[in-house]
1. Looking only at region 69-78, decide whether some residue is aliphatic (A, V, I, L, M), within 15 Å of the chain's Cα centre (by Cα) and surrounded by 10 or more Cβ atoms within 10 Å (Cβ to Cβ).
2. May I ask you to list the residues in region 47-60 that are in a helix (DSSP H, G or I) and modelled with pLDDT under 90?
3. What do you reckon, is ALA22 assigned to a helix (DSSP H, G or I) and under 23 Å from the mean Cα position of the chain (by Cα)?
4. Which residues, counting only those in region 1-55, are under 14 Å from ILE79 (Cβ atoms) and of a type in the set (Gly, Ala, Ser)?
5. Quick check: is even one residue across region 15-23 at pLDDT below 90 and out of contact with any Ser or Thr (no Cβ under 6 Å at 6 or more places or on another chain)?
6. Of the residues ASP93, ASP44, which is modelled with pLDDT of 85 or more and either among the acidic types (Asp, Glu) or assigned to a helix (DSSP H, G or I) (or both)?
7. Determine if region 75-86 includes at least one residue that is in a helix (DSSP H, G or I) and either hydrophobic (A, V, I, L, M, F, W, C) or modelled with pLDDT under 90 (or both).
Amino acid sequence: MKKLWNQYSYAITLILLSFTIAFVILLKHQSDDQYVKVTISEGDTLWTISEQFADQHSLSNKEFVSWVKKHNENIKDQIYPGEKIVIPVSKNDQANTTELASAPKE
């Protein structure tokens, strides 16, 4: 065993160091975002939904709209009542809720 260690100690150390660094990088780059499904109500637009959930995400309205279009199939420029879309929210604001729906217009 000692002969094996002496012969391959640099390679073993390099492999262990690589795994450790990869693990640390993985932990640091984990996203703080979580996603919820929102049901579209009459009169909703992606812009108004962005404003409605502005305190739960850190994106600008333009970035939010782009994110939703990119991460939801069949979403282009129009959304329709009853349609469900996925939006980003932060984990801290989304503690106990698993699904949110759009609030009715008053």
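1. No, region 69-78 contains no residue that is aliphatic (A, V, I, L, M), within 15 Å of the chain's Cα centre (by Cα) and surrounded by 10 or more Cβ atoms within 10 Å (Cβ to Cβ).
2. If the condition is that a residue be in a helix (DSSP H, G or I) and modelled with pLDDT under 90, then ALA54, ASP55, GLN56 are the ones that fit.
3. yes
4. If the condition is that a residue be under 14 Å from ILE79 (Cβ atoms) and of a type in the set (Gly, Ala, Ser), then SER41, GLY43, SER50 are the ones that fit.
5. yes
6. Among ASP93, ASP44, only ASP44 is modelled with pLDDT of 85 or more and either among the acidic types (Asp, Glu) or assigned to a helix (DSSP H, G or I) (or both).
7. No, region 75-86 contains no residue that is in a helix (DSSP H, G or I) and either hydrophobic (A, V, I, L, M, F, W, C) or modelled with pLDDT under 90 (or both).
The values are calculated or read from the model by the stated rules, or taken from the named source; none is laboratory data. Values in this document were obtained by computation on a predicted structure and should not be read as measured data. Here the Cβ is made from the backbone with ideal geometry for all residues, glycine too, and neighbour counts use every protein chain on show.
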